[in-house]
1. Checking the conditions here, which among 200, 195, 167, 214 is outside any helix (DSSP H, G or I) and buried (at least 22 other Cβ atoms within 10 Å of the Cβ)?
2. How many residues are within 23 Å of residue 155 (Cβ to Cβ) and over 16 Å from the mean Cα position of the chain (by Cα) when one looks only at the range 198-235?
3. Quick check, is residue 183 touching a strand residue (DSSP E or B) at 6+ places or on another chain (Cβ under 9 Å), surrounded by fewer than 23 Cβ atoms within 10 Å (Cβ to Cβ) and without any contact (Cβ under 8 Å) to a residue 40 or more places away in the chain?
4. Being in contact with a helix residue (DSSP H, G or I) (Cβ under 6 Å, 6 or more places away or on another chain) and part of a helix (DSSP H, G or I) is the filter here; which residues of the range 329-359 pass it?
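Derivation of every value follows stated rules applied to the coordinates shown; laboratory data play no part. As the structure is a prediction and not an experimental result, all values here were calculated from the model. Every residue, glycine among them, receives a Cβ derived from its backbone with ideal geometry; neighbour counts consider all protein chains shown.
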């Protein structure tokens, strides 16, 4: 077993889905940060970035790295963050992939994306509710069963003794007692622990993640602002997946500890390079069980269909009036862009001319 596989030998499909959710659902990040603020958690070190795991893979397992790169390069629309969308008779619109983080490498828009944003009349993000935290909280609390256990059961009812011990120990290391979060649904706790400490510190300090910053900048500039989803819709999608799936993802996230920082760091570096087609292959590559366990593969496929593909269809439907009007800047999580079921391909299928834009 090579060093790369050994380092991540505990990762499975549910964990990868959990990490994918943290970077595909900014509603999850939004609420997780609110919850983190309610619990004392250790402050981050001055330098809390992880390491790029693909660099280790390139050295330790060059054949696996070669396969990953081949899959990434074969991914449709997987080599840029920005697309120009044209329709005869109207000003061009733009599709841009975001990452829901405050990291300065993410916040700094590429030059072409910055120009597209500045010249657009309308900006669309996944949900505009994040501009009004109080209103967003009120909406979420109107259906507490989506985020909390509201009956007689709690998180421990879904845990084995071994899983409960892993959670208890792992949460305690982060300054959180299991008893204080047992009424929370597991994906909320995952949101609290699956982000690097520096990222949580910046969010708690009030720094805006990229999507929020774009919305705030659009509002200040007097641009029209539109949302393609609601926070409730995002959480309903998350809640539709099996509880066992979410519990497994939470336990494995806790068990990996700081290793998650390496995955997030790798995702950031791929994102900054516009290499979105490599993100899902990277997540799968560090989980050898995905290649041998059919049940895990099916769970992962269900996650991707529910949390990415189905939502893509909704985003496209709600984007069409904006595209028909022209001069729109549509900014959604970068994981929604590539692939045959990605937004770029779906807009093209809807009859628009979609052109990748490179720096």
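1. Step by step, each of 200, 195, 167, 214 is checked, and only 195 is outside any helix (DSSP H, G or I) and buried (at least 22 other Cβ atoms within 10 Å of the Cβ).
2. Going through the range 198-235 one residue at a time, the tally reaches 1.
3. For residue 183, the condition - touching a strand residue (DSSP E or B) at 6+ places or on another chain (Cβ under 9 Å), surrounded by fewer than 23 Cβ atoms within 10 Å (Cβ to Cβ) and without any contact (Cβ under 8 Å) to a residue 40 or more places away in the chain - is met.
4. 334, 335, 336, 343, 346
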